[in-house]
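The values are calculated or read from the model by the stated rules, or taken from the named source; none is laboratory data. Treat the numbers as computed from the prediction; the structure is a model and nothing was measured. Glycine also receives a Cβ, built like all others from the backbone with ideal geometry; neighbour counts cover every protein chain displayed. Each accessible area value is taken on the protein alone, full model and side chains, heavy atoms only, with ligands, DNA and RNA left out. Shrake-Rupley method; radii C 1.70, N 1.55, O 1.52, S 1.80 Å.
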Amino acid sequence: EIISMIQQSERIHVEFKREFDKGFCEHIMAFANRYGGHILVGVDGVVNTDGSQTGQLVGFESQNIDKDKQKVDAWARDLRPAVTLLANQEYPLQNGRWLLHVQVKEQTEKPVGTAAGLYKIRTHSGDNPMDHAAMRAAIFEEERALKSLWSCLLRNIAHARAVLQNVRQGNLPVTV
């Protein structure tokens, strides 16, 4: 699964990071405020000659991989509300380098932000900052759209069941 993610480009569910940096917790926040996602530390984004983007596994140096993982866990816990990580798994590479896979769960309690009031949400173009009010409005609108889609889906299922019932009873022709 990880190799497949690296062979594709960064997207709404995947972020490549060559190294840890101070903005790392912002990636956790952005994924938590959207659908969740994967952060792959030790992967560079590379633009190919045809203009497409893929990842390149380069690994990162770590003096203590367990401390690095604890740091990631602490960043997730420091967000408000605290963020749940589904995975924080390390993979040893050659020459003492590492790949770290951090899988962020979509949070049910949103918006997620920092104590200082910073909020970000993951979009197709990356992590986008929003103020608290705009973040709540975006989340509300997305939830409303999903409820509407779910309602439409349930109506279509009910209609399909009625059509199948008519077919089983021999009531032909059937119009869909």
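The 1.4 Å probe gives accessible areas that order 84, 54, largest first, as 84, 54. Which whole-number percent is the relative contact order of region 27-86 (Cα, under 8 Å, 6+ apart)? Worked out over region 27-86, it gives 28 percent. Rounded to the nearest percent, how much of the accessible area of region 1-92 (1.4 Å probe, protein heavy atoms only) is carbon and sulfur? Within region 1-92, the accessible surface is 45 percent carbon and sulfur.
One decimal place: the segment residue 105-residue 80 gains 7.6 nm when fully extended, by the rule 0.36 nm per residue minus the C-alpha distance. A simple rule links phi to the HN-Hα coupling: the Karplus curve 6.51 cos²θ - 1.76 cosθ + 1.60 with θ = phi - 60°, which for region 108-116 gives 7, 9, 10, x, 9, x, 8, 4, 7 Hz, with x for Gly and Pro.
Sequence-distant contacts, meaning Cα pairs under 8 Å at least 6 residues apart, place the relative contact order of region 82-166 at 17 percent. Model label sites at residue 169 and residue 115, defined 7 Å from Cα along the beta-carbon direction, differ in position by 6.5 nm. Placing a label point 7 Å from the Cα of residue 1 along the Cα-to-Cβ direction, the residues of region 42-71 with a backbone N closer than 19 Å are 42-43, 55. In the assembled protein chains, residue 50 presents an accessible area of approximately 120 Å² (probe radius 1.4 Å).
Would you mind working out the accessible area per residue for the chain, using a 1.4 Å probe, and quoting it in Å²? Numbers along the way, then the final one.
Values: 10730 Å² over 176 residues.
Value returned for the chain: 61 Å² of accessible area per residue.
In debye, nearest 20: dipole of the chain around its Cα centre with unit charges on the Cβ of K, R (+) and D, E (-)?
Magnitude of the dipole: close to 780 debye.
Cα centroid separation, region 2-50 to region 81-116: 11 Å.
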